[in-house]
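Working notes, structure below.
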Amino acid sequence: AMEAFLKAFQLDDSNQIAEDGMKRLAAASGREQQVASVLLIAVAGNDALVAGRVSDAVGLLGAYTDRVVRSAVASVQAEVGALQRDAKSKQESIDILKHEVVALQASSTAAIASFAGVREEVGA
């Protein structure tokens, strides 16, 4: 369907049905850049210089968008890595505290048992 809309629009850039169809299918077909180029070239008319500049501008905008997206992805990945390292460190601290609590409980139990034994000896 996209090919038919593109061809129809290129033959007659006043064909609103073709234009609407191209725009509607652009994202679904992954051809946003192509549709944008076709629309901008239609604005340029038959002027080859303007059409070339429009095509170059769309290409540059696409490259810029790719760079921004790659940068954002790298930034998010770095942040996720930092959060994962922080979570691991906190988990290690929690594990140490758990061991300390278990040791404290064992020590407390032993002290209470010892106290109870002393109490019995004293005759309380």
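The values are calculated or read from the model by the stated rules, or taken from the named source; none is laboratory data. Treat the numbers as computed from the prediction; the structure is a model and nothing was measured. So basically every Cβ, Gly included, is an ideal-geometry build from the backbone, and we count neighbours across all protein chains shown. Please note that ligands, DNA and RNA were not included when accessible areas were found on the heavy atoms of the full protein model with its side chains. Shrake-Rupley method; radii C 1.70, N 1.55, O 1.52, S 1.80 Å.
Worth a mention:
- Pair list, Cβ < 8 Å and 6+ apart or interchain, from the range 45-57 residues that are over 14 Å from D13 (Cβ atoms) to residues that are open to solvent by 50 Å² or more (accessible area, probe 1.4 Å): S55/L40; S55/I41; A57/L40
- Only a single item in (1) of a type in the set (V, I, T); (2) modelled with pLDDT of 95 or more; (3) over 20 Å from the mean Cα position of the chain (by Cα) is not met by V68, and it is number (3).
- Unique match (being open to solvent by less than 60 Å² (accessible area, probe 1.4 Å) and either in a helix (DSSP H, G or I) or touching a Phe, Trp or Tyr at 6+ places or on another chain (Cβ under 7 Å) (or both)) among S108, S75: S108
Yes or no, residue by residue, for (1) on the phi > 0 side of the Ramachandran plot; (2) polar (S, T, N, Q):
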{"residue": "S37", "(1), (2)": "no, yes"}
{"residue": "L40", "(1), (2)": "no, no"}
{"residue": "G45", "(1), (2)": "yes, no"}
{"residue": "V54", "(1), (2)": "no, no"}
{"residue": "G62", "(1), (2)": "no, no"}
{"residue": "R67", "(1), (2)": "no, no"}
{"residue": "R70", "(1), (2)": "no, no"}
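- Of the residues making up the range 28-39, those that are more than 12 Å from F9 (Cβ to Cβ) and open to solvent by 70 Å² or more (accessible area, probe 1.4 Å) are A28, E32, Q33.
- Residues in the range 111-123 that are open to solvent by 100 Å² or more (accessible area, probe 1.4 Å) and hydrophobic (A, V, I, L, M, F, W, C): I112, F115, V122.
- Look at the range 12-28: where a residue is of a type in the set (D, E, K, R) and a partner is surrounded by 11 or more Cβ atoms within 10 Å (Cβ to Cβ), sitting 6+ places away or on another chain with Cβ atoms under 6 Å, you get D13/A42; E19/F9.
- Among the criteria (1) part of a helix (DSSP H, G or I); (2) open to solvent by 90 Å² or more (accessible area, probe 1.4 Å), the one D95 does not fulfil is (2).
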